[in-house]
Each structure stands twice: as structure tokens, then as C-alpha cells.
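Below is one structure; the comments refer to it alone.
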Amino acid sequence: MSTPPPTLNVDEPALLRDHATHGPLAEQMVQRQLRARQIEDPRVLAAMCTVPRHLFLDPDRRPDAYADRALPTRAGQTISQPYMVAAMTEQLRLTSTDRVLEIGTGSGYQSAVLALLSQNVISIERRTELAAGARHVLDTLGFTNVTIHTGDGTLGWPDAAPFDAILVTAGAPEPPAALIDQLADRGRMVIPIGNRDTQSLLTLTRRGDHLDRRFTTDCRFVPLVGQQGWPE
Ligand code: SAH
């Protein structure tokens with residue numbers, strides 16, 4: 001018996017439908033880097049196949065866009081390795097009605113993956129030029145359910161709280177209290193915790209006043225810089 005293809009909860013924007021240029025590379029990335037490493041959620045795999053990762057990079061970096069590693073973007077920041085994007089997204093266990101907060105928009109690639117799997121995404125980036133670049137690419141691709149704010153994401157976005165899922169894509173010394181406060185009951189937060197260079201991925205799940213904590217993979221993210229993160 002064949003299983004039906006996973007469906008995404010937004011109409012595919014026009015550019016995403018033009019799969020011809022990146023489709024085979026994205027499918028190979030999903031097979032060799034994600035399925036091979038036990039990423040199994042069909043919605044996550046479909047979203048990673050759909051988003052044109054190369055468009056989130058500067059033109060000179062595009063030949064490596066689907067390679068098995070993180071890549072530099074503007075302002076000394078990085079776009080995470082595809083496997084890390086998939087692993088973090090899978091741990092958020094998103095449904096199509098979830099409201100998501102992302103801290104560290106960067107290129108906007110992870111925001112696009114989250115946006116295909118949830119109702120809407122609020123993403124906060126501290127660097128104005130990165131926020132503007134991400135906004136441009138997401139607009140070009142037709143994403144209408146991502147709002148990007150510039151500011152210190154360690155404080156979250158109280159006006160739109162609580163969130164069903166919170167993803168922090170920069171490394172923190174500990175989970176910011178403001179973000180824990182903004183997590184809905186049954187909400188999930190994924191955040192790299194450690195020192196400024198290396199971290200482990202922590203998944204927190206709120207059950208009433210209790211937080212379940214589970215560390216999974218080792219990882220390397222740029223530092224989360226802010227009031228409830230690392231100093232400048
Ligand atoms: N998710 C991104 C990768 C993010 S790299 C992508 O898919 O491309 C981490 C980002 O976090 C950087 O852009 C950095 O500027 C940003 N950042 C660091 N501290 C922050 C803070 N306190 N608030 C918001 N963004 C922050």
C-alpha cells in the first residue's frame with residue numbers, strides 16, 4: 001500500500017513550484033543527509049525538499065548550498081547545516097495550527113522551513129541588515145506567514161505570546177527566562193545550550209508548571225548575544 005505524499009499547509013508559492021533547478025539537489029540532500037541519519041517526520045522531509053536553500057545564500061556560495069555543512073552568510077553569521085535544521089525542526093513536532101517564535105532569523109532559511117509546517121512564524125534578528133535580507137528572500141518566494149522583527153530575541157515577543165513552539169538558532173548559556181515564560185502549555189522549545197563555541201541541543205517541553213528537559217545532539221552555533229544571553 002502506498003502512503004499519500006505529505007501535504008504542506010500553505011499554497012505553494014510560485015517560485016517553490018519551479019522545482020527544476022534545485023529539486024534533484026534538495027532530494028539528494030534529504031536522502032543522504034537526513035533520512036540516512038534518522039530524520040523521519042515526512043512533513044519535515046517534504047519541507048526541506050521544497051525550500052530552495054540556495055536562494056538564501058549570496059550568489060558566490062550557492063554552488064555549495066546543498067552540501068552537508070553550515071555555510072557563512074553575511075555579517076560573520078552562518079546558515080545551519082541541513083541536518084541541524086531538520087533535527088531542530090523535527091524536535092519541535094509542529095502542527096499546521098502552531099504559532100512559532102524563532103530567535104536568530106539569519107538568512108531566513110530556517111524561518112521558511114518552519115513557515116511551511118505551522119500557522120505562522122515570528123522571527124527576531126538582532127542585525128538589521130540580516131533581517132532585511134531575509135525579508136526580501138521570503139517576500140520573493142511568496143511567504144506571507146512570517147513576520148520578522150529586529151531586536152534582542154532573548155526577551156522574546158510578549159505581545160504575541162504564548163507560542164506553541166520556540167526555536168533559538170544561536171547558542172545560549174542557559175534558556176532565557178523570558179522565552180520559558182512565553183511557552184504555551186504543551187509547548188516545545190529547542191535551544192543550543194553550552195559555552196560560546198560548542199553546545200548541546202536542549203528540548204524543553206512545558207507541562208503546566210513543569211518543564212521536561214532532554215539533551216540530544218552536540219552542535220556549534222554562533223552566540224546568542226543579548227540581555228538574557230551572552231554579553232556583546
Ligand atoms: N536560522 C538562521 C541561522 C541563524 S545564525 C538561518 O537559517 O540562516 C544565528 C543568528 O542569530 C545570527 O543571525 C545572529 O545575528 C542572531 N542573533 C544572535 N543573538 C541574537 C539575539 N539576542 N536576538 C536575535 N538574533 C540574535
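What to note about this one:
- Placing pseudo-labels 7 Å out from each Cα toward the beta carbon at residue 147 and residue 46 gives an inter-label distance of 2.7 nm.
- Here the peptides 121-129, 208-216, 85-93 are ranked by packing, the mean other Cβ count within 10 Å, and the order with the highest first is 85-93, 121-129, 208-216.
- For residue 132 and residue 27, the difference between the fully extended length at 0.36 nm per residue and the C-alpha to C-alpha distance is 34.9 nm.
- Beta-bridge orientation, the range 17-219: approximately 45 percent antiparallel, per DSSP, counting only bridges with both partners inside.
- Ordering of 97-106, 176-185 by burial proxy (mean other Cβ atoms within 10 Å per residue, highest first): 97-106, 176-185
- Cβ-Cβ distance of residue 36 and residue 218, R₀ of 25 Å, FRET efficiency by 1/(1 + (r/R0)^6): the value works out to about 0.85.
- Across the chain, C-alpha contacts under 8 Å between residues 6 or more apart give a mean separation that, scaled by the residue count, equals a relative contact order of 15 percent.
- Between residue 184 and residue 75, the modelled labels are 2.9 nm apart [label points 7 Å from Cα along Cα→Cβ].
- The range 116-232: C-alpha gyration tensor shape, a/c 1.5 cut-off, then a/b vs b/c: oblate
- Computed log₁₀ I(q)/I(0) - Debye formula, equal Cα scatterers, no solvent, the chain, q 0.10 Å⁻¹: -0.41
Every number in this text was worked out from the coordinates using simple rules, so none of it is lab data. No experiment lies behind these values; they were computed from the predicted model shown. Glycine also receives a Cβ, built like all others from the backbone with ideal geometry; neighbour counts cover every protein chain displayed.
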